Amino acid sequence: MRFDPRMGEEQWQFEGGAFHDSLPNGRSSGILEVSPVSVKFICDHGEKEMPVTGLHAELGGSANRMLFLKHSDCEDWTFFTTDQKLMKHPVFAKDDRLAKSRKSVSRTRWMSRASAMVLVGGIVAIFLGLWWAKNPMAAAVAGKIPVEIEQKIGDTAFTSHATPSKLIQDQDILTDFKTLSEPLIEAIDSQRYTFEFHILEDSSLNAFALPGGKMAIHTGLILKAERPEEVLGVMAHELAHVEMQHSMRNLVEMVGMYAVISALFGDVSGIAAILVNNAPFLLQMKFSRDHEREADEKGFEYLSKANIDPRGLMEFFERIQQEHDESGMPDMDGALSVLTTHPATDERINNLNRLINSRKKTGPYRKFDLDFKGFQEKLRNQLNK
């Protein structure tokens, strides 16, 4: 709105336009000049005036943002503006008919805003509902992903983290590791995945398993373990994450609503590329408290089925946590990354204790043919080459 002092307090100007067949392409932009007696449209092609008496105003256009002015004596003409302050001109208050139009416009504007608020509120409610239901929805979407895509995601994440030069290639060591892990794999008896194991040269106490079944265990963790059951306890926990698709569910949640909508409409291929592109982020993600508890319980189930002493995982966590606490030193080099990515909270340790105490069997557990200390020595010698 523009006010020109030369025109008097009751003469206002607004940017606007007009529709009429005499105008180029049937419309033109210009200025609407409001006075106590008329509304005048001024443009490069001429002028047109509508008397205030008999003027009719109404809202329209997208979201009722446009104000249209018509007159019974000028039926072929329509003035318009997006500046609804025009309705605040005193002429609309003085003229009874225009005052009704002003009230009608105000009521329409209020209803539009109310509708918008209801729409926004509905959208917010939908997203809040989806937020509260994100875990079951992520699980449902992950379950629809073909295993071939999971394997591709796992391969992409693995190659982004584990360079070939860091993988232990010594066949004697790998044969020993296979002998160690076979009873656990047989107990899992996966119907979906074919597990593939690697030993990664890394001094940190960590291991990770990826969608599709690829797993790596760090040399630091193997050398820190005091008995094979500790290594197998960590492996059982990691493989449980794979079987329960925890990493896939994390990835789906990160990708967001696109994944949910695509899966709901059966377009699994549509999200495959997005999931694969985001695969490198998998190893930076932390599992939720519920996922850790579920993996502990499922891992305990695997160990029990294989007749492997299930106390190994708990003992390993407790020992390295105690050593870390006693040292009083911050973990600057990430050596205790297994505790960072899988925090050994009191809650988890207590839950593992509860599971162990609830199990009637206390032994004898499986005895391993493998000389574990000898296996560690081979690995140590390989690293020193």
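Which one of these is touching a strand residue (DSSP E or B) at 6+ places or on another chain (Cβ under 9 Å) and either in the same structural domain as ALA279 (by TED's automatic domain parsing) or not hydrophobic (A, V, I, L, M, F, W, C) (or both): GLU182, GLU150, GLU201, GLU186?
GLU201
For THR179, work out the one condition from (1) part of a helix (DSSP H, G or I); (2) within 21 Å of PRO211 (Cβ to Cβ); (3) modelled with pLDDT of 85 or more it doesn't fulfil.
It fails just one condition, (2).
Just need a number here: residues in region 188-233 that are in contact (Cβ under 8 Å) with a residue 24 or more places away in the chain and assigned to a loop (DSSP other than H, G, I, E, B).
The qualifying residues number 17.
Yes/no matrix, rows are residues, columns are (1) closer than 18 Å to THR163 by Cα; (2) modelled with pLDDT of 90 or more; (3) in the same structural domain as GLN169 (by TED's automatic domain parsing):
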position: ALA216; (1), (2), (3): yes, yes, yes
position: GLU230; (1), (2), (3): no, yes, yes
position: LEU239; (1), (2), (3): no, yes, yes
position: SER247; (1), (2), (3): no, no, yes
position: VAL255; (1), (2), (3): no, no, yes
position: ILE274; (1), (2), (3): no, no, yes
position: LEU282; (1), (2), (3): yes, no, yes
position: GLU292; (1), (2), (3): no, no, yes
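For a quick check of your reading of the model, give me the residue pairs whose first member lies in region 27-48 and is outside the structural domain of LYS70 (by TED's automatic domain parsing), whose second is among the basic types (Lys, Arg) and part of a strand (DSSP E or B), with beta-carbon atoms closer than 8 Å and at least 6 apart or on different chains.
Going by the 8 Å Cβ cut-off, there are no qualifying pairs.
Residue-wise test of (1) out of contact with any helix residue (DSSP H, G or I) (no Cβ under 9 Å at 6 or more places or on another chain); (2) modelled with pLDDT under 85; (3) charged (D, E, K, R); (4) outside the structural domain of ARG289 (by TED's automatic domain parsing).
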site	(1), (2), (3), (4)
ASP346	yes, yes, yes, no
ILE349	no, yes, no, no
ILE356	no, yes, no, no
LYS361	no, yes, yes, no
ARG366	no, no, yes, no
PHE372	no, no, no, no
GLN376	no, no, no, no
LEU379	no, no, no, no
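Scan region 42-56 for residues that are touching a Gly at 6+ places or on another chain (Cβ under 9 Å) and modelled with pLDDT under 90 and jot them down.
Answer for region 42-56, where residues must be touching a Gly at 6+ places or on another chain (Cβ under 9 Å) and modelled with pLDDT under 90: ASP44, HIS45.
Being among the aliphatic types (A, V, I, L, M), within 22 Å of VAL276 (Cβ to Cβ) and modelled with pLDDT under 95 is true for just one of ALA162, ALA187. Which residue is that?
Going through ALA162, ALA187 in turn, just one is among the aliphatic types (A, V, I, L, M), within 22 Å of VAL276 (Cβ to Cβ) and modelled with pLDDT under 95: ALA162.
Does GLY270 count as assigned to a helix (DSSP H, G or I) and at pLDDT below 85?
yes
Scan region 63-102 for residues that are over 22 Å from LEU23 (Cβ atoms) and either among the aromatic types (Phe, Trp, Tyr) or at pLDDT below 70 (or both) and report the count.
Residues flagged as over 22 Å from LEU23 (Cβ atoms) and either among the aromatic types (Phe, Trp, Tyr) or at pLDDT below 70 (or both) within region 63-102 amount to 13.
Name the residue that is surrounded by the fewest Cβ atoms within 10 Å (Cβ to Cβ), counting only residues in region 166-176 that are part of a loop (DSSP other than H, G, I, E, B) and touching a residue at least 60 places away in the same chain (Cβ under 8 Å).
Here the residue is ASP170.
Say whether the condition of being at pLDDT below 90, within 36 Å of the chain's Cα centre (by Cα), under 27 Å from GLU253 (Cβ atoms) and loosely packed, with under 12 Cβ neighbours inside 10 Å is met by at least one residue in region 303-321.
no
In region 63-90, what count of residues is obtained for those that are aromatic (Phe, Trp, Tyr), within 14 Å of GLU49 (Cβ to Cβ) and surrounded by fewer than 18 Cβ atoms within 10 Å (Cβ to Cβ)?
0
Considering (1) over 26 Å from LYS385 (Cβ atoms); (2) in contact with a Phe, Trp or Tyr (Cβ under 9 Å, 6 or more places away or on another chain), say which one ARG192 fails and leave the rest.
Exception for ARG192: condition (2).
The values are calculated or read from the model by the stated rules, or taken from the named source; none is laboratory data. For clarity, every value in this text was computed on a predicted model and none was experimentally measured. Counting neighbours? That spans all protein chains shown, and the Cβs are built from the backbone with ideal geometry, glycine included.
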